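Any read-out appearing in this document is the output of simple, stated calculations on the displayed coordinates, not a laboratory observation. Just so you know, these numbers come straight off a predicted model, no measurement behind them. Reconstructed Cβ throughout: ideal geometry from the backbone, glycine too, with neighbour counts over all protein chains shown.
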């Protein structure tokens with residue numbers, strides 16, 4: 001009886017210890033999540049002006065491009081077939097992998113995230129000159145997105161661009177916004193540091209490091225969103241477009 005009681009007591013102590021360890025682990029996990037949320041909130045709060053500026057600029061260009069394209073198609077209908085021919089000829093020069101393929105996934109993902117790895121596109125990180133390139137890139141992306149959306153709607157029906165762009169676009173557009181914002185933050189802190197040095201003054205390293213940290217956070221978030229958007233565009237959007245075509 002004594003051995004049985006001792007065994008039961010040991011079992012209870014072990015169970016309590018395991019329960020305490022699990023509670024401690026859950027608390028640590030909750031604290032880490034809370035810490036990450038606080039870091040992200042602080043990052044977005046400090047850089048809300050940059051995010052708003054990029055968002056308004058990109059969406060304005062998309063809207064204006066779409067409006068001008070629709071107006072041009074309405075006034076000059078032959079432009080529709082001309083644009084269709086241009087798009088088909090471009091596809092003959094650019095080898096786009098087939099839908100539902102891993103090759104297409106990496107094609108989309110690497111193309112969208114090129115500012116982080118592709119040397120020609122990485123010029124946007126160069127202080128001063130990179131700002132001009134970034135502005136041009138933002139305008140070109142907005143023009144292409146707006147024009148393609150209107151062309152697809154006119155050619156295949158209104159539902160086609162909605163179904164073809166919305167599922168991955170809800171992630172891809174924020175990814176571009178965060179990507180542009182991360183570059184702008186880097187440009188701000190690097191240009192300020194350069195001008196401060198040239199003026200013979202000391203650089204505020206705390207402010208500089210915080211800016212670099214914020215830029216890296218936005219860059220990481222944009223890469224994550226690009227990865228998810230590329231997956232949707234590769235494996236889900238083609239199925240939805242097939243449904244619309246029927």
> So between residue 162 and residue 79, what do we pick up on full extension, going 0.36 nm a residue minus the alpha carbon distance?
Replying inline: 27.7 nm
> Could you give P(r) for the chain, binned at 5 Å from zero, as whole percent values over all Cα-Cα pairs?
Replying inline: 1, 6, 9, 13, 14, 13, 10, 8, 6, 5, 4, 3, 3, 2, 2, 1, 1, 0, 0, 0
>> Just to be sure I understand: if I project the alpha-carbon convex hull of segment 179-246 onto a plane and average over all orientations, what area do I get in nm²?
In response: 5.5
> Is segment 72-133 best put as rounded, prolate or oblate by its Cα gyration tensor, with a ≥ b ≥ c the root eigenvalues, rounded for a/c under 1.5, and otherwise prolate when a/b is larger than b/c, oblate when not?
Replying inline: oblate
> Listed highest first by mean packing, meaning other Cβ atoms within 10 Å per residue, what order do 173-186, 231-244 come in?
Replying inline: 173-186, 231-244
>> For a Förster distance of 22 Å, can you work out the FRET efficiency between the beta-carbons of residue 45 and residue 194, rounded to the nearest 0.05?
In response: 0.25
> Roughly speaking, what is the stretch gain from residue 206 to residue 128, that is 0.36 nm per residue apart minus the C-alpha to C-alpha distance, in nm to one decimal?
Replying inline: 25.9 nm
> How do 132-142, 193-203 rank on mean C-beta neighbours within 10 Å, highest first?
Replying inline: 132-142, 193-203
